[in-house]
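Asks: Let me give you the structure first, and then I'll get to my questions.
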Amino acid sequence: MNSPAARVVSAEPAWRGVCRLSDLVPGSGVAARLGSDQVALFHTPEGVFAIGNFDPCSGANVLSRGIVGDLDGRLVVASPVYKQHFCLRTGECLEDPGVRVPTWPVQVAGEDVLLADQPQSAAALER
Amino acid sequence: MNKPRLVVIGNGMVGQRFLEEMVERGHPYEITVFCEEPVPAYDRVQLSSWFSGATADDLALTSMAWFREQGIKLVIGEEATCIDRERREVTGSRGTVVAYDELVLATGSYPFVPPIPGSEREACLVYRTLEDLGAIQAAAQTSRVGAVVGGGLLGLEAAKALQDLGLETHVVEFAPQLMGVQLDGPGGALLRRKIEELGVQVHTGKATQHIEDGADCRHRMVFADGELETDLVLFSAGIRPRDALARDCGLLLGERGGVVIDDRCRTSDPAIYAIGEVALWQQRIFGLVAPGYDMARQLAAGLCGDADAAFRGADMSTKLKLLGVEVGSIGDAHGRTPGSHSCSLEDSVAGVYKKLVISEDGSRLLGAVLVGDTGDYGSLLQYCLNGIDLPPAPLSLILPAGEGKPALGVDALPDSAQICSCNNVSKGDLCAAVSGGCTTIGALKAETRASATCGGCSTLVKQVMDAELKRQGVEVTNHLCAHFPYSRQELYHLVRVNELRSFDALLQAHGSGLGCEICKPAVASILASCWNDYVLDPRHVGLQDTNDNFLANLQKDGSYSVVPRVPGGEITPEKLCVLGEVAQRYDLYTKITGGQRIDLFGARVEQLPAIWRELVDAGFESGHAYGKALRTVKSCVGSTWCRYGVQDSVGMAIFLEERYRGIRSPHKLKMAVSGCTRECAEAQGKDVGVIATEKGWNLYVCGNGGMRPRHAELFASDLDDATLVRTIDRFLMFYIATADRLQRTSVWRDNLEGGLAYLQAVILEDSLGIAAELESQMQALVDSYVCEWKRTIEDPEALKRFRPFVNDERGDEQIVYVRERGQKRPARPEEKAEVTAHEPQRVLEETL
Ligand code: SRM
Ligand SMILES: Cc1cc2nc3c(=O)[nH]c(=O)nc-3n(C[C@H](O)[C@H](O)[C@H](O)COP(=O)(O)OP(=O)(O)OC[C@H]3O[C@@H](n4cnc5c(N)ncnc54)[C@H](O)[C@@H]3O)c2cc1C
Ligand code: SF4
Ligand code: FES
C-alpha cells in the first residue's frame, strides 16, 4: 500500500512514519503495522500513544478497538474482549501487574505520526 | 523440633473449612489429608448448578496449589480404610500409612438407597458427588423419563437437575407431603401445586416395592397401589453418616449411626475428633453445611489453644429456591413447642403461604414456614434468633409490602445478631469490617465471608452495610462511575432537559476526567435514547464498545459476527438463499440462533462493509445484535397456519420488531408474540411478551431468560392492537428513562419501589401525568430510525474505520481457522502454532 507517511522515514532513521494525524479519530484507537509488529495507536487529549495491539488476556489482536479513558489517574485502554485495563504510558495491565504489553515512543511532526522502530524497554519506563 | 502430626480424613466442605480455619489461626501441626474423591473439596451445596452451566472449576473450593502453598500433604484419590488406635496410624486403600498424634474424621455421609429389589439396576443412581453428576448426565442421554425417589430438600434439587437435563420428571415420596421436615401440611401442599405447575409430577404416599423391566421405558417402579414407568431412577431418600471406619476401630456410635462427639467435637477416643455430617452431637446429625462449618471453626480454635471454644448446636432454618419456588423454614416450623400458637396467611391466587409460630405469651417468634415468597425470611429469622419483641399484631409481619407492614430496621438488631448463618458473621462483625474500610459488598464478602456460601443473607448484609455507612456519615452513592457524580437516571434527565448532544458537553458540564469504559457507552446509549443520532458520528465513535463501533459482535479471535434482522423470524426463500450465498462467498460459519434468525461468524473487520453491502442490497437491515437495543421479537406461526391460533402473531411480531428496532436502551430488549395460550413463542420469558386471546392480546412484562430466569408478569389483558402498542410505548420509554445501566427490565422491576402495582399505575392509569410525553418521545425515536448499516456503507468517512490497519490493507494474518463439521472455526492456540509454523514469515517491511 502507498503509505502517505513513507516520505518522512529518511528524516530521522530511528523513527518510522505510520500515518497522518487525520487518520486517527480523537478519543479512539486504530491499528497499524510496524515491521512485523501490530501496534495500537490512540489519539487522546493528552497526546498520541502506541502500545502493542495483541491482548495477552484474550490472545487476539484487538487492543486498538478498546475504549480509552482514565482509571485512578492513569490513562488506559480497556480491552474489548475481557475488559482488562492497560496503561497507555507503560503498557502495564492494571488488573494483573505481572502482565504488560510493549509501548513505542511516538512523535507527531506536523501532520505525520511517527513511531520509534524499537519498543521502549521496561527499564526505560521505570525511570 | 518435631511438629505434632494431625491427620484429617475427608476433604469435603467441612474438612476443607477446617483446614482453612487452622491456616488462619497459624496452627502448629504437620497436616496430612486423605481425600477419597479425585479432586479436592468443591461446593456440594451448589452441585445442581452444574446442570445449568457451572463447571467443576466454578464449584472448586480449593486447589492443589493451595495445599502446596500451605505445606499440607494431600493424599488424593485414596480412601482411608483402617484406623489403628493403638499405633495411632491410618492406612489407605492404596497402602499409604500415616501416623497421627491427633485425628479428625470429616467423612460426611452417603446417600441412603432403600433396600428395594431392583434398586441395583442400570440407570438407578444417587446424587452426592461430582462423579455422580457425570453418571446422571450419561444416563439421561438415553432417557426420556426420570423419577426421583424422595421428596425432601435434596430430592427436589435432584428433580431440578433432571428437568434441566430435559427429562419428563417425577418425584415419588413415601410420606403424604413434600419436605415434611421443613414444612407443615398447607405449605407442603402449596409447594406441590407450584412444582406441578412447572411440569414436575408429584406422587406422594407411594412406597416403591420393587423395580422391574418397563414396557415403554427402561424400568417400571411398582408401588402398593399403582406403578410408574421411567428410564432413570435417582435415589434421594436421605443420607447416612459414613461411620464405618469409626465403627471398625471401636469408637462410640449413636444407635442409628453417627460418631458421638462432645462440645469440643471429641469422640470417645480423646485423640480423635469428628466434624460435619458424620458427627452426632446430643443425638443429632446436622445435614446442613452451616453447622458443620461451625464445628470446623470451634475445633480449629480448640486445637490452636482456645480453651473456651465449643460447639453449642445450630439453627436449622433454611431458605431455598427449589425448582424456582421460594421456600423458607425457620425454627419450630411445626409448632411443637407446648402452648405455642400460630397464625397464617394463604393467598392461593398469588401462590403464597406464610405461617408464624408464636410463643404462648405472644411475645416471641418460635418458627415460621414460607412458601412462594421468602421476602420476609431475613427479618423473621432475626426476630426468632434474637428474641426480639413481636409487634402487637404479628400477622402484619407477613403482609405484602406497603400495607402497614412494620419494618425491622437493621438498627433494631443487637450487635450479636447473626446475619450470615453459613459463616457465622454477626452484625457487629460486619460493622467492624465496614469501619475497617470495606465499603462495597465485594470487599465485605472477601473480608468476612458473609453471603459467600448460600447467599441467603445478601439483602440483609447490604442493609447492614448501608446503615453502617450512613451512620458513619458516608454517603451511599449510586454514581455511574468516578467521572460522573450522578446515577444513570439523573444523567438521562440532564441530557434530555439540557438538550446535551455529546459526551464532551455532558462531561464538561457535569463530570470530570476523561471518562472510562463504564460511562462512555452508558452516555452513548443515553444520547441515542434521547436523540437517535447516527452512532458512528465522529462525536460518538470513541464512546462505543467495539460491538457498536463496528456494528457487529466481537468474537474470541478478534473477528466479528453478522446478524441481519429477520423480523418475527419470517423469511422468504429468496432471502434465505442470499444469506447462504453470502456465507459461502465469505466462508462464514453459519448458525441458527436462539432468537429465530441466522448468525454468520468469522468475518474480519475489513470484510464487514462488503458483506453488508450485499445484504443491504438484498433488503436486509442491521439486526442490532451488537447494541443494547431490541434484539428479536420471536413469534409462533399463529392463526395464519396453526389450528389453535386466535390472532395473527407473526403479523404483530413483525409490526413490533419494525417499530422498536434500533432504539437504544439501558440493556438489550427481547420480545415475543404467541398466537394462543399454548405459548409456543415463550413470551413469558421476555422483557415484553404478548399472548393472543379471543378478545385481543394479553401483555406480559419484565421476563428474563439468561442467568437469572424470571417469568414475565401479566400486566394488562385483552388489549386491542392500538392500546397494546401504546402501552408498550409507554412501558419502554419509562424503562429507558429510569433504569440503571445494564439493568434488564426484570432487575429494574425487582428494584422498583411499589412493584408491579406502581408500574401499572404509571403506565395504565397515568398516575404521574407523563404518559403523553412518553408516547411522543417514543414516536420521535420510531420516526428517526435509519438502518445503521445502510447509512454506514454510504459514508466514506465511516468506512475508513473498517480498514484492518491505517497503513496496510491486508488483514490480520493471526486470525486462523480450521474446519469442523463442514464449516470453519477459530483455531485453538496449539492448532494455530501448527498452521503458522508452516507459513513463511511474511515480509511486510517493504510495503511500509
Ligand atoms: C447468537 C446467540 C446464541 C446462539 O447461537 O443461539 C447469542 C450469543 C450471545 N449472547 Fe445471548 N445469544 C443468543 C440468544 C440468547 C438468548 C435466547 C433468546 O433470546 O431467546 C438468551 C436468554 C434470553 C434472555 O436474554 O432473556 C441469551 C442470554 C444472554 C445473556 C444473559 C442475559 C441476562 O439477562 O442474563 C448474555 C450476557 C449479557 O447480555 O450480559 C448474552 C450475551 C451474548 C453474547 C453477546 C456474548 C458476547 O458478548 O459475546 C453472544 C454473542 C453473539 C454474537 O457474537 O453474535 N446472551 N442469549 C443468540 C442470538 C439470538 C439473536 O438472534 O439475537
Ligand atoms: C445436591 C446437594 C445439595 C445440598 N444443598 C444444601 C444446601 O442448600 N444447604 C446446606 O446447608 N447443605 C446442603 N447440602 C448438604 C451439604 O453438602 C453437606 O452438609 C456438606 O457437604 C457436609 O460436609 P462434610 O464435609 O461433612 O461432608 P462431605 O462434603 O460429604 O465430605 C466428605 C468427604 O469425605 C470423603 N470421605 C469419606 N470417607 C472417606 C475416607 N474413608 N477416606 C477419605 N475420604 C473420605 C468423601 O469422599 C467426601 O469427599 C447439599 C448436599 C447435596 C448432595
Ligand atoms: S452464545 Fe450465549 S450461552 Fe453460548 S457461550 Fe455465548 S453467551 Fe454463553
Ligand atoms: S447465610 Fe448462607 S451465605 Fe450467609
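For (1) farther than 28 Å from B:Ile526 by Cβ; (2) within 16 Å of ligand 4 (Cβ to nearest atom); (3) open to solvent by 50 Å² or more (accessible area, probe 1.4 Å), each residue gets a yes or a no:
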residue: B:Pro567; (1), (2), (3): no, no, no
residue: B:Cys577; (1), (2), (3): yes, no, yes
residue: B:Arg585; (1), (2), (3): yes, no, yes
residue: B:Lys591; (1), (2), (3): yes, no, yes
residue: B:Arg597; (1), (2), (3): no, no, no
residue: B:Trp612; (1), (2), (3): no, no, no
residue: B:Ala618; (1), (2), (3): yes, no, no
residue: B:Cys636; (1), (2), (3): yes, no, no
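Asks: If you check every pair at least six apart or on different chains, which have Cβ atoms under 7 Å apart with a residue in region B:96-120 that is modelled with pLDDT of 95 or more first and a residue that is within 16 Å of ligand 4 (Cβ to nearest atom) second?
Replies: B:Ala106/B:Val14
Asks: Sticking with this one: For region B:152-177, what are the residues that are open to solvent by 60 Å² or more (accessible area, probe 1.4 Å) and either in a loop (DSSP other than H, G, I, E, B) or touching a helix residue (DSSP H, G or I) at 6+ places or on another chain (Cβ under 7 Å) (or both)? Let's see the steps before the verdict.
Replies: The first filter runs over region B:152-177 and keeps only residues open to solvent by 60 Å² or more (accessible area, probe 1.4 Å), leaving B:154, B:160, B:163-164, B:166, B:168, B:174, B:176.
B:Lys160, B:Asp164, B:Gly166, B:Phe174, B:Pro176 - these are the residues of region B:152-177 that are open to solvent by 60 Å² or more (accessible area, probe 1.4 Å) and either in a loop (DSSP other than H, G, I, E, B) or touching a helix residue (DSSP H, G or I) at 6+ places or on another chain (Cβ under 7 Å) (or both).
Asks: If you scan region B:479-512, which residues turn out to be part of a loop (DSSP other than H, G, I, E, B) and touching a Cys at 6+ places or on another chain (Cβ under 9 Å)? Explain how you work it out, then say what you get.
Replies: Of region B:479-512, the ones part of a loop (DSSP other than H, G, I, E, B) are B:479-480, B:482-483, B:485-487, B:498-502, B:511-512.
Correct list: B:Leu480, B:Ala482, B:His483, B:Glu499, B:Leu500, B:Arg501, B:Gly511.
Asks: I'd like the full set of residues that are more than 10 Å from ligand 1 (Cβ to nearest atom) and either free of Cβ contacts under 8 Å to residues at least 60 places away in the same chain or assigned to a helix (DSSP H, G or I) (or both), limited to region B:591-614.
Replies: Across region B:591-614, the qualifying residues are B:Ala603, B:Val605, B:Glu606, B:Gln607, B:Leu608, B:Pro609, B:Ala610, B:Ile611, B:Trp612, B:Arg613, B:Glu614.
Asks: Here's another thing I want to ask about it. Taking region A:82-111, which residues are open to solvent by 30 Å² or more (accessible area, probe 1.4 Å) and in contact with a Cys (Cβ under 8 Å, 6 or more places away or on another chain)?
Replies: Across region A:82-111, the qualifying residues are A:Tyr82, A:Gln84, A:Leu94, A:Asp96, A:Val99, A:Arg100.
Asks: Then there's this: Looking at B:Arg488, B:Arg471, can you tell me which residue is away from ligand 2 (no atom under 16 Å from the Cβ), touching a Pro at 6+ places or on another chain (Cβ under 8 Å) and of a type outside the set (Asp, Glu)?
Replies: Working: B:Arg471 fails: touching a Pro at 6+ places or on another chain (Cβ under 8 Å).
Among B:Arg488, B:Arg471, only B:Arg488 is away from ligand 2 (no atom under 16 Å from the Cβ), touching a Pro at 6+ places or on another chain (Cβ under 8 Å) and of a type outside the set (Asp, Glu).
Asks: Only residues in region B:747-760 that are more than 14 Å from chain A (Cβ to nearest Cβ) and aromatic (Phe, Trp, Tyr) count as the first member; pair them with residues that are more than 16 Å from ligand 1 (Cβ to nearest atom) and open to solvent by less than 70 Å² (accessible area, probe 1.4 Å), Cβ under 8 angstrom, at least 6 apart or cross-chain, and list the lot.
Replies: B:Trp748/B:Thr738; B:Tyr758/B:Leu752
Asks: Which one of the conditions (1) within 25 Å of B:Cys519 (Cβ to Cβ); (2) without any contact (Cβ under 8 Å) to a residue 60 or more places away in the chain does A:Asn61 fail to meet, given that it meets all the rest?
Replies: Every condition holds for A:Asn61 apart from (1).
Asks: Which residue, of B:Glu131, B:Glu78, B:Glu86, B:Glu120, is part of a helix (DSSP H, G or I) and more than 16 Å from ligand 4 (Cβ to nearest atom)?
Replies: Details: B:Glu78 fails: part of a helix (DSSP H, G or I); B:Glu86 fails: part of a helix (DSSP H, G or I); B:Glu120 fails: part of a helix (DSSP H, G or I).
Result of the check over B:Glu131, B:Glu78, B:Glu86, B:Glu120: B:Glu131.
Asks: Specify the residue that is farthest from the other protein chains (Cβ to nearest Cβ); the eligible residues are those in region B:815-825 that are out of contact with any strand residue (DSSP E or B) (no Cβ under 6 Å at 6 or more places or on another chain) and crowded, with 16+ Cβ neighbours inside 10 Å.
Replies: Across region B:815-825, the extreme among qualifying residues is B:Val816.
Asks: Does region B:168-181 contain at least one residue that is within 16 Å of ligand 1 (Cβ to nearest atom) and not assigned by TED's automatic domain parsing to the domain that holds B:Asp248? Talk me through it step by step, then tell me what you get.
Replies: From region B:168-181, those within 16 Å of ligand 1 (Cβ to nearest atom) are none; that's our starting set.
Taking every residue of region B:168-181 in turn, none turns out to be within 16 Å of ligand 1 (Cβ to nearest atom) and not assigned by TED's automatic domain parsing to the domain that holds B:Asp248.
Asks: Among the listed residues B:Gln472, B:Gln544, identify the single one that is open to solvent by 50 Å² or more (accessible area, probe 1.4 Å) and either under 29 Å from the mean Cα position of the chain (by Cα) or farther than 24 Å from A:His85 by Cβ (or both).
Replies: Working: B:Gln544 fails: open to solvent by 50 Å² or more (accessible area, probe 1.4 Å).
Result: B:Gln472 is the single residue among B:Gln472, B:Gln544 that is open to solvent by 50 Å² or more (accessible area, probe 1.4 Å) and either under 29 Å from the mean Cα position of the chain (by Cα) or farther than 24 Å from A:His85 by Cβ (or both).
The values are calculated or read from the model by the stated rules, or taken from the named source; none is laboratory data. Predicted model only: the values in this text are computed from it and were never measured. For neighbour counting, all protein chains shown are included, and Cβ atoms are generated from backbone atoms with ideal geometry for every residue, glycine included. We work out accessible area using only protein heavy atoms, side chains counted, and drop any ligands, DNA or RNA first. Shrake-Rupley method; radii C 1.70, N 1.55, O 1.52, S 1.80 Å.
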